[in-house]
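Q: Please find one structure pasted underneath; my questions will follow.
What follows is calculated from the coordinates using simple rules that are stated; it is not laboratory data. As the structure is a prediction and not an experimental result, all values here were calculated from the model. Using ideal geometry, Cβ is built from the backbone for each residue, glycine included, and neighbour counts are taken over all protein chains shown.
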Amino acid sequence: MEEQQENQNESRTAEPVVLTTDRLVLRAPGEGDVDAILAACQDEEIQRWTVVPVPYGREDAEYFVHDLAVNGRRTGDNLVWCVFERESGALVGSQGLTACPGRPGTAEVGWWAAKEFRGRGYTAEAAAAVARYGLRDLGLRRLEWLAYVGNDGSRAVAERIGFRFEGTLRSYSEQRGRFLDTWIASLLAEDLTEDLTD
């Protein structure tokens, strides 16, 4: 998979970084994406495995675009990309890279995929681009993937791009007032291969 990073010399707090792969474009969410994000986040599987609000309304999509993504980029602590199919321009999903407070050089990755685009390898392709950007371009030491126990789809993506499973954290991650058992895996710079999805 060939990947290009546009605007390579930008800092995390500068203009949004755009990542491209053979089939995808990853860019910051914008006003024109609100309807597509709103539609995607109605999916029960996204709601089941993430912390998106339930029910998910227009104000939640607008918050994601105008507050979460913008402020995260401004501080450099939470980089958010929407993932689009290059050929059609359709929203495929979302990717995130969030700094872990108190642990320099460590960030957590996260993603969701729109229902109609699952099973095509798009999430792994996008996640590999984000992992490479974090470890190579930002110079991060460690990426962590966490998912609620049972989220086999997310685990398959993490394993496909080289994350190494480290265990189960009991009653660890909060989701709408409940604490759930959580899988954890990591990816280090030395784990990177030319094509993370092989």
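Q: Run the helix sum for the chain: -39,500 (n - 2.57) per DSSP H stretch of 4+ residues, divided by residue count, reported at 222 nm to the nearest 500 deg cm²/dmol.
A: Mean residue ellipticity, 222 nm, calculated: -6000 deg cm²/dmol.
Q: Once the piece of chain linking residue 168 and residue 85 is laid out straight, how much longer is it, given 0.36 nm per residue of separation minus the C-alpha distance between them?
A: Extra length available between residue 168 and residue 85 comes to 26.5 nm.
Q: Once you list every other residue whose beta carbon is under 10 Å from the beta carbon of residue 85, what net charge do they have if Lys and Arg are +1 and Asp and Glu are -1?
A: So the surrounding residues net to +2.
Q: To continue, here is another question. Could you give the length gained on full extension between residue 77 and residue 152, defined as 0.36 nm per residue of separation minus the Cα-Cα distance, in nm?
A: Computed gain between residue 77 and residue 152 is 24.3 nm.
Q: Place a point 7 Å from Cα of residue 116 in the direction of its Cβ. Which residues in region 33-77 have their backbone N less than 16 Å from it?
A: 33-44
Q: What does the charge add up to near residue 169, with Lys and Arg as +1, Asp and Glu as -1, over the other residues with Cβ less than 13 Å from its Cβ?
A: Around residue 169, the charge tally is -4.
Q: Next question. Where does the charge balance sit around residue 120 when Lys and Arg score +1, Asp and Glu -1, over other residues with C-beta under 15 Å from its C-beta?
A: That sum, taken over residues with Cβ under 15 Å, equals 0.
Q: Okay, moving on. May I ask what percent, to the nearest 5, of DSSP beta bridges between residues of the chain are antiparallel?
A: Approximately 90 percent, going by the DSSP bridge assignments.
Q: Ranking request for peptides 105-114, 167-176, 60-69, 121-130: highest mean number of other beta-carbon atoms within 10 Å first, then the rest in descending order.
A: So the peptides 105-114, 167-176, 60-69, 121-130, ranked by packing, come out 121-130, 105-114, 60-69, 167-176.
Q: Please list, by residue number, everything in region 87-114 whose backbone N is under 11 Å from a paramagnetic label point 7 Å out along Cα→Cβ of residue 66.
A: none
Q: Residue separation times 0.36 nm, minus the C-alpha to C-alpha distance between residue 103 and residue 141: what's the value?
A: Contour length minus Cα-Cα distance gives 12.7 nm.
Q: Continuing with this model, one more query. Would you work out which of 175, 21, 162 lies farthest towards the positive end of the dipole of the chain, given +1 charges on the beta-carbon of Lys and Arg and -1 on that of Asp and Glu, about the Cα centre?
A: 175
Q: Could I ask something else about it? What is the spread of the Cα atoms of region 61-190 along each of their three principal axes, largest first, in whole Å?
A: Between the extreme Cα coordinates on each principal axis of region 61-190 lie 40, 36, 32 Å.
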